[in-house]
Each structure stands twice: as C-alpha cells, then as structure tokens.
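The values are calculated or read from the model by the stated rules, or taken from the named source; none is laboratory data. Remember, predicted model here, so these are calculated numbers, not experimental data. Because the Cβ atoms are built from the backbone with ideal geometry, glycine has one as well, and the counts that use them run over all protein chains shown.
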Amino acid sequence: MLLVLPVRCGTIKPKKNDLEVIDKLSELAENYPTRGFDEYYNKIRREGLQWNRKRVLRVYRNMKLKLRRKHKKRIITRVKTPLETPQMLNECWSMDFMSDVLTDGRKVRVFNVIDDCNREALAIDAGLNYPARQVVETLEQLEQEVGLPQYIRCDNGPEFISKTFTNWCQSKHIEIKYTQPGKPMQTVTWNDSTDSIAKTFWMHTILMISTN
C-alpha cells in the first residue's frame with residue numbers, strides 16, 4: 001500500500017545574503033567608532049536602504065560591534081619653549097615629583113619646587129598622597145616666605161593640569177609653562193648640591209614614613 005504525503009504549499013525562502021549589511025556596518029564602525037546601533041541604523045535608513053531592523057541588529061551582534069573599542073589616550077599638545085636661565089629670583093620656578101615604594105607596598109611621593117635662577121630648592125615636601133590641593137597649599141606657604149614666581153614650569157601630571165591648580169595660578173596671575181609630553185628634560189636641571197640635599201631628604205623621609 002502506498003502512502004501519499006501531502007505537499008506543502010508555498011516555497012522556502014532562501015537565506016538572505018548579509019554581505020551588504022556587513023560592509024555597511026563595517027564602514028559605519030570605521031567612521032563612527034564610538035557610536036551605537038541606533039545611530040548606525042538611522043544612518044542606514046537615511047541612505048534609503050530598506051533593511052529590516054531585526055536583520056541589521058542580528059548582523060550587528062554577530063559582528064560583536066556592541067563591544068566598545070578602546071581608544072588611545074589623547075596626548076595634550078604642548079609648544080616647545082626654550083629652557084633659559086632666569087636673571088632674577090622668583091621669575092620662574094620648576095616643579096616635579098619624585099616617587100618610590102616602601103617595603104610594605106605603600107607609595108611615597110616627594111613634591112619639589114626649585115627656583116630656576118639659582119637652583120635653590122624652595123620646597124621638598126613628602127607624603128603618601130599629594131593631590132592638587134596640597135600642591136596649592138605648599139605654594140601658598142612659599143608665598144608667605146619668599147613670594148611667588150611669574151612663571152611655573154611643570155609637566156602634564158594630573159595635579160598640574162587640574163582645575164584646582166590652574167585656577168589658583170590664574171588667580172595669582174602666574175603663567176604655567178607645561179613641558180612637552182615625554183620630555184622631562186625640559187624642566188630645570190638640578191645642580192650637584194641640590195641633588196645631594198634632595199637624596200638625603202628622600203632617604204630620611206622614607207625612613208620616617210616606614211616607621212609610622
């Protein structure tokens with residue numbers, strides 16, 4: 001006995017070719033790497049492409065474009081200025097940090113302020129943490145002792161580019177001369193006597209903090 005199987009009505013739709021969608025999403029991801037699916041799809045519709053939203057979203061997810069791309073940290077552009085020795089005291093100061101790690105893992109930072117004219121170390125102040133507010137407090141103390149400079153030369157560290165520090169300098173009419181990123185040699189070079197004092201103070205500071 002023969003069994004007659006019913007014939008299904010209609011036709012099986014072939015799988016859609018997603019190459020055009022992939023190419024378009026790749027183009028949008030290249031041109032707008034920080035945007036998301038909604039903006040990509042809106043741009044696709046504005047170009048007159050009548051692709052179904054669910055289809056585009058499926059391809060978008062398969063391409064793993066929902067994962068944000070990591071971007072390189074933007075380096076601030078600084079103009080190179082000549083390193084000239086000032087002719088007067090309090091004309092230009094240089095500031096920088098020294099850092100090290102104690103045996104117990106704690107980090108120590110020493111904030112240094114030097115008058116570029118005679119290489120005098122105006123301040124060598126240490127602490128486990130040295131935020132911008134403390135930098136300003138040190139400079140305010142120096143203001144009472146020796147006055148303030150016309151210029152301050154420093155690197156692009158977070159303490160020196162913070163609003164706390166820049167606003168304070170602006171209120172005191174002090175111009176900030178930032179060094180170019182990766183060019184620490186653009187700050188004033190310490191002489192042998194200043195370097196010796198700093199190293200002695202550095203070792204004494206580490207010893208004092210380690211015993212606390």
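Restricting the first member to the range 174-186 and to residues that are under 12 Å from Met95 (Cβ atoms) and in the same structural domain as Asp116 (by TED's automatic domain parsing), and the second to residues that are modelled with pLDDT of 55 or more and assigned to a strand (DSSP E or B), the beta-carbon pairs closer than 6 Å and six or more apart or on different chains are Ile174/Ile152; Ile176/Ile152; Lys177/Tyr151; Lys177/Arg153. Taking the conditions (1) outside the structural domain of Ala132 (by TED's automatic domain parsing); (2) at pLDDT 90 or above in turn, Gln87 satisfies each one other than (2). Within the range 80-130, the set of residues being under 17 Å from Tyr151 (Cβ atoms), free of Cβ contacts under 8 Å to residues at least 60 places away in the same chain and not polar (S, T, N, Q) comprises Pro82, Glu84, Pro86, Met88, Leu89, Val113, Asp115, Cys117, Leu122, Ala123.
Of all residues in the range 90-145, those being under 22 Å from Lys177 (Cα atoms), of a type in the set (A, V, I, L, M, F, W, C) and in contact with a strand residue (DSSP E or B) (Cβ under 6 Å, 6 or more places away or on another chain) number 14. Of the helices (runs of 4 or more DSSP H) lying entirely inside the range 93-212, those containing at least 1 residues that are modelled with pLDDT of 95 or more are 132-145, 163-171.
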